[in-house]
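Participant: Dumping the structure here so I can ask a few things about it.
The values are calculated or read from the model by the stated rules, or taken from the named source; none is laboratory data. These figures come from a predicted structure and were not determined experimentally. All Cβ positions, glycine included, derive from the backbone under ideal geometry; neighbour counts span all protein chains shown. Note: accessible area is taken over every heavy atom of the protein model, side chains too, but ligands, DNA and RNA are not part of it. Shrake-Rupley method; radii C 1.70, N 1.55, O 1.52, S 1.80 Å.
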Protein chains: 2
Amino acid sequence: MQKKAALETPSIQSLGRGLSILEAVAQSSEPVPLRNLTTLLGIDRSSVFRLANTLKQRGFLAHPNGRKEYVLGPSVWRLSRKYGRSTLVTFCHEHLKRLAAKTGETAHLAVREGTQALFIDHHAATDQVVAVSGRTGDFMPLYCTAHGKALIADLEVAELTALFGDAPLQAHTKRTIVSIDRLAEACALVSAKGFATDDREFLEEVRCVAAPIRDRDGAIVASIGISAPLTRLPKKRCLIAARQASDIARAISASLMP
Amino acid sequence: MQKKAALETPSIQSLGRGLSILEAVAQSSEPVPLRNLTTLLGIDRSSVFRLANTLKQRGFLAHPNGRKEYVLGPSVWRLSRKYGRSTLVTFCHEHLKRLAAKTGETAHLAVREGTQALFIDHHAATDQVVAVSGRTGDFMPLYCTAHGKALIADLEVAELTALFGDAPLQAHTKRTIVSIDRLAEACALVSAKGFATDDREFLEEVRCVAAPIRDRDGAIVASIGISAPLTRLPKKRCLIAARQASDIARAISASLMP
DNA sequence: CAGTATGTTGCGTATTACGCAACATATCTG
DNA sequence: CAGATATGTTGCGTAATACGCAACATACTG
């Protein structure tokens, strides 16, 4: 019985050990032999085998191509497919509402799919006659939208080339960044400042700001931001909104760390 | 100790119960209260609480916005991000090699990312002077490649419209399907036959065939197929290769069912 | 081939997970 | 609103399970 602190509910040891096995196999780039798991848990290998075998029977671990080492199994996949969207939306919706309320503009939550950003939730602007509409379910290019640039903020030239290819990027407006080198500079700026902007790079009449949401490892898992008509988001207000988005992204990031 | 069969290694009961909790929460479209989990496991609620709390402490479950119900937590996300590519590649690589050997053409494994297919592994054609090159890491449109069409085979008009929007699809060749209605017909055909073809719809000189890989629930999780120069893949050989791809896809699908 | 490493199974018992009861908090009903 | 009920959380003793040991099976190495 592992007591972390006197006031905390003790955990179920066997379940914890099973989860440690799962995490170790997930961390490994190679299939993991039982011996490594035995070293990890520090208990007798027969016990480790029974834990790992339970995970395998339930499809959380698998033996690839009849070998003896373990990799993650299809049950993890089924789990993750349910996880991706609805749970993140559940977590972030209150934050989206707060961002929309604070800025008075339409706020969106986006995740990355391939070379595109997918809007998975939004909260519409309140008290505005003219506003950017909700685009939940829509795909946008990563490279010329604030939400997209926030999602790829950590990528450098080689990674951006791998993602988008060698050819120039398609221009959507006169202001669209079309070269990988310029995009890499923009991404580095996003990384440094903690927020991204889109100054008429995708739509002529629209300015956006967005900030990356990071998980415990520092990986960017989503982005949150606002879009507004150009006239309502002058440079100074843009900066204020960017800071607000950035603060809220950080709060969400904190809630993703167990 | 739950003995399914006399010759099978017994599983660790507490770990199994924890996994059952995880699966139940993943299956639910709503946050799950402890009471429902208690009903599911059929044991005392204090024990269920301790199992669920262990999962929560480890980040596999979470309480959204301070509520008492459970949803999947960020550790599941971390697990799944490691799972997606490398494990599927590990499972499928031998099958890819076999498909390339059987057909004599370059074989690819693809997954869906948004509106695109991503090639995540390939095995190059052997004994060919001119062959389609390996495209691992490249994104392709879903709607005009065999691998892509195999990935969206189960989608109907409404889902395809949601995915691609209302506007006509961009033509890559004279033969590209550019209307959602025609694409839906093509997808229905893929679903019925068990394989997809690309007859110069993306590249003028290339024909492809591909088949969907399904998991236990019947969901399409990847596609596997070959690409060859037009001259080497006449209609009759196309059909043979399609059957070969389909057979191998089915074998992979079977290995994804614990 | 013999020795060693690694994976798997059987068995007895030490340890842990369980159930019960009490307490805390939230919700519902008249 | 007060009282009853439902639901979540904690403490404790013990029944049941998970553990370690040993044996067996399989694979690898010199």
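Participant: Name the nearest-to-axis residue of chain B, judged by Cβ distance to the rotation axis taking chain B onto chain A, and quote that distance in whole Å.
Facilitator: So the closest residue, with its distance, comes out as B:SER80, 1.
Participant: Right, here's the next one. Using modelled amide H (1.01 Å from N, peptide plane; none on Pro or chain starts), what sits under 5 Å from the amide H of A:ALA222, excluding residues fewer than 5 places away?
Facilitator: A:ILE213
Participant: At 7 Å along the Cα-to-beta-carbon direction for both B:LYS102 and B:LEU189, put a label point, then send me their distance in nm to one decimal.
Facilitator: The two pseudo-label positions are separated by 2.3 nm.
Participant: Any idea how many Lys pairs in the stretch A:84-255 come in under 21 angstrom at the alpha carbon, given 8 or more places apart or on separate chains?
Facilitator: 10
Participant: At a 1.4 Å probe radius, which order do B:MET140, A:MET257 fall into by accessible area, largest first?
Facilitator: Heavy-atom accessible area, descending, gives A:MET257, B:MET140.
Participant: Could you order the peptides A:232-242, B:35-45, A:196-206 from most to least packed, using the average number of other C-beta atoms within 10 Å per residue?
Facilitator: Top to bottom by mean Cβ count within 10 Å: A:196-206, A:232-242, B:35-45.
Participant: Express in whole angstrom the spacing between the alpha-carbon centres of the stretch B:155-173 and the stretch A:210-241.
Facilitator: The distance from the Cα centre of the stretch B:155-173 to that of the stretch A:210-241 comes to 29 Å.
Participant: Moving on to the next point. Return the Cα extents of the stretch A:84-255 along principal axes one, two and three, sorted largest first, each rounded to a whole Å.
Facilitator: 43, 37, 28
Participant: Okay, next question. Express in nm, to one decimal, how much length is gained between B:LEU34 and B:ARG243 on full extension, taking 0.36 nm for each residue of separation and deducting their alpha carbon distance.
Facilitator: So the extension gain works out to 70.4 nm.
Participant: Still on this structure, I have one more. Can you pull the one-decimal nm distance between simple spin-label points at B:GLN13 and A:ALA251, each 7 Å off the Cα toward Cβ?
Facilitator: A separation of 4.5 nm, rounded to one decimal place.
Participant: Moving on to the next point. Mind grabbing the interface size between B and A? I mean buried accessible area, both sides, 1.4 Å probe, in Å² to the nearest hundred.
Facilitator: Summing both chains' loss of accessible area gives about 5800 Å².
Participant: Between the stretch B:92-150 and the stretch A:102-136, what is the separation of their alpha carbon centroids in Å?
Facilitator: Cα centres, the stretch B:92-150 to the stretch A:102-136: 36 Å.
Participant: Between the chain alone and the structure with every protein chain in place, find the residues of the stretch B:62-77 that drop at least 50 Å² of accessible area; heavy atoms, 1.4 Å probe.
Facilitator: Buried by the other chains: B:ASN65, B:LEU72, B:PRO74, B:TRP77.
Participant: Name the most mobile residue of B:SER223, B:SER46, B:SER86, meaning the one with the largest mean-square fluctuation, in a Gaussian network model of chain B with Cα contacts below 10 Å.
Facilitator: B:SER46
Participant: From other protein chains only, count the Cβ atoms within 10 Å of every residue's Cβ in A:52-58, then give the mean.
Facilitator: Partner Cβ neighbours, averaged per residue: 6.
Participant: Just checking the output field for A:149-158: average partner chain Cβ neighbours within 10 Å of each residue's Cβ?
Facilitator: That average works out to 0.
Participant: Here's a follow-up. At 1.4 Å probe size, with every protein chain present, just tell me what the per residue accessible area of the stretch B:41-190 comes to in Å².
Facilitator: Here the residues of the stretch B:41-190 average 42 Å² of exposed surface.
Participant: Let me ask something else about it. Using a 10 angstrom cutoff on alpha carbons, build the Gaussian network for chain B and name the most mobile of B:HIS147, B:HIS63, B:HIS172.
Facilitator: Of B:HIS147, B:HIS63, B:HIS172, the Gaussian network model singles out B:HIS63 as fluctuating most.
Participant: Further question on the same structure: What number, rounded to the nearest 500 deg cm²/dmol, is the helix-based mean residue ellipticity at 222 nm of chain B, given -39500 (n - 2.57) per DSSP H run of at least four residues and division by all its residues?
Facilitator: Estimated from H runs of four or more residues: -14000 deg cm²/dmol.
Participant: Give the long-range amide H neighbours of B:ASP138: residues separated by 5 or more places, or on another chain, with amide H under 5 Å away, using H modelled in the peptide plane at 1.01 Å from N.
Facilitator: Long-range HN contacts for B:ASP138: B:PHE119.
Participant: Just to be sure I understand the curve: with the Debye formula and one point per C-alpha of the stretch B:13-80, what is log10 I(q)/I(0) at q = 0.13 Å⁻¹?
Facilitator: Summing over Cα pairs of the stretch B:13-80 leads to -0.29.
Participant: Short version: ³J(HN,Hα) in whole Hz for each residue of the stretch A:90-105, in order, from phi by Karplus 6.51 cos²θ - 1.76 cosθ + 1.60 (θ = phi - 60°), x for Gly and Pro, what are they?
Facilitator: Once rounded to whole Hz, the list reads 4, 5, 9, 4, 5, 5, 4, 4, 5, 5, 5, 5, 5, 9, x, 10.
Participant: Per residue of the stretch A:210-219, what does 6.51 cos²θ - 1.76 cosθ + 1.60 with θ = phi - 60° give for ³J(HN,Hα)? Whole Hz please, x for Gly and Pro, Karplus curve as stated.
Facilitator: Rounded to whole hertz, the list is 7, 10, x, 9, 10, 9, 4, 7, x, 6.
Participant: Here's another thing I want to ask about it. Other chains' Cβ within 10 Å of A:15-27 residues: what's the mean?
Facilitator: 6
Participant: Could you list which residues have their amide H under 5 Å from that of A:LEU61, counting only those 5 or more apart in sequence or on another chain, with H placed in the peptide plane?
Facilitator: Amide H neighbours of A:LEU61, under 5 Å, 5+ apart: A:LYS56, A:GLY73.
Participant: To continue, here is another question. Using the Karplus equation 6.51 cos²θ - 1.76 cosθ + 1.60 (θ = phi - 60°), what ³J(HN,Hα) coupling, rounded to whole Hz, does each residue of the stretch A:54-64 give in order, writing x for Gly and Pro?
Facilitator: 4, 4, 5, 4, 8, x, 7, 10, 8, 9, x
Participant: Can you tell me which of B:SER11, B:SER227, B:SER246 moves the most in a GNM of chain B? Springs connect C-alpha atoms under 10 Å apart.
Facilitator: Sorting by GNM fluctuation, first place goes to B:SER11.
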